[in-house]
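For reference, the structure is listed below as structure tokens.
The values are calculated or read from the model by the stated rules, or taken from the named source; none is laboratory data. If you're wondering where the values come from, they're calculated on a predicted model, not measured in any experiment. Neighbour counts run over all protein chains shown; Cβ positions are idealised from the backbone, glycine included.
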Amino acid sequence: MIVWDWGWKGHGYAPDIIAKLPESVCLMSVSEWGIPIVRGGVASTIGEYSMSTVGPGPRALRHWSLAKKRGLKTIAKVQVNCTWELSALPYLPVMNLVAQHCNNLAKADIDGLMLSWTLGGYPSPNLELVKQFESQPPPTIQQALMKVATARYGKKAVPDVLDAWSKFSDAFTEFPFGLGLYVAPMQYGPSNLLYPEPTGYRATMIGFPYDDVKSWQGKYPAEVIASQFEKIANGWQSGLDSFRRVLKKTRTPLQHANARKDFRIAQAAYLHFKTVANQVRFTLARNALLSESLNSSERENHISVVRAVAANEIQIAKRLFTLTRQDSRIGFEASNHYYYFPLDLVEKVINCECILNDWLTSQTRQQ
């Protein structure tokens, strides 16, 4: 029987409960909970599944220690494919973070892992990486990464694969955990429309984000949310440049097919990150334009932001449309099913064209 300490004392420490558990059960804790972080100058604490932060954290370590003293077995609840940080893809290629987490857990001497929730159970290179750490003694992080990279893409591609994975992982550590994790537009990505007028709707849990930036931002200023997702996107783009070289260095049909599939997933991740920054900047600029307190220079600056974002969102939606037609896994999560369909991205292009050709023209006339 697995006993999970989810919610005990508000996700706090619960030594008294552990002391009363039957001797035959296994105690499971979410590995990364309780880890303090600072991102974009804002302090936060991990309180949900996170791949951008590597566990185990203080809560899990303390609970496992107490359980071991009683002779109980211990299990880490982890997410190694994806999390609510971005659940619209079957896996995120942040392999260095996954390997570091597995390495840390091996040192923690726990008895088992639970590897997914409703999200994150799809067969993936990430799960192949976790499997490497079953061996005794476990491999080093570099050995595990190289073994998966070689098996999946071939020896010649390994340096570029490792470089891409490292850049993806570094970029993802900028994720502003502590934002409205369930309501911000990471999952719906570019399918979320740009609204020329405030909707007045509140974003819903793992539902439509609308234009509710106040809920999206959580404990972060909106500008920090935009800048953090731009950091992720910029770093991720550098990783894509490295991964693009992998496509030319595979040797067998299977290796090339693996590289093409994984490159599509990595591209889709970039588009989801980039669009979050765009949507925040658009909504802030729109709100400013609808106010009556701007001088002509300020107004022109905000119009430039709207114009640039709408044009970029058209390119993002078109690219993601192509990717979704090539890979039906994109946009899907088991408990929510499809966040968007390809035609939702067609609608987004039309939406942005209306912003550029109609609404923005009317705003320019008001100058």
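Please find, within the stretch 1-24, the residue that is modelled with the lowest pLDDT out of those that are touching a Gly at 6+ places or on another chain (Cβ under 9 Å) and closer than 16 Å to LYS73 by Cα. Applying the filter and picking the extreme gives GLU23.
Condition check ((1) closer than 13 Å to GLY120 by Cα; (2) surrounded by fewer than 22 Cβ atoms within 10 Å (Cβ to Cβ); (3) of a type in the set (Asp, Glu); (4) not assigned by TED's automatic domain parsing to the domain that holds GLN267) across all residues:
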site	(1), (2), (3), (4)
ARG59	no, no, no, yes
HIS63	no, no, no, yes
GLY71	no, yes, no, yes
LYS77	yes, no, no, yes
ALA88	yes, no, no, yes
PRO93	yes, no, no, yes
ASN96	no, no, no, yes
HIS101	no, no, no, yes
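The set of residues from the stretch 228-247 being buried (at least 18 other Cβ atoms within 10 Å of the Cβ), within 18 Å of the chain's Cα centre (by Cα) and of a type outside the set (A, V, I, L, M) comprises GLN228, PHE229, GLU230, LYS231, GLY235, TRP236, GLY239. Taking the numbered list (1) touching a helix residue (DSSP H, G or I) at 6+ places or on another chain (Cβ under 6 Å); (2) without any contact (Cβ under 8 Å) to a residue 40 or more places away in the chain; (3) among the β-branched types (Val, Ile, Thr) in turn, ILE35 passes all entries but (1).
Counting only helices (runs of 4 or more DSSP H) that sit wholly inside the stretch 123-219, those with at least 3 residues that are small (Gly, Ala, Ser), closer than 30 Å to TYR339 by Cα and assigned by TED's automatic domain parsing to the domain that holds LEU240 are 158-172.
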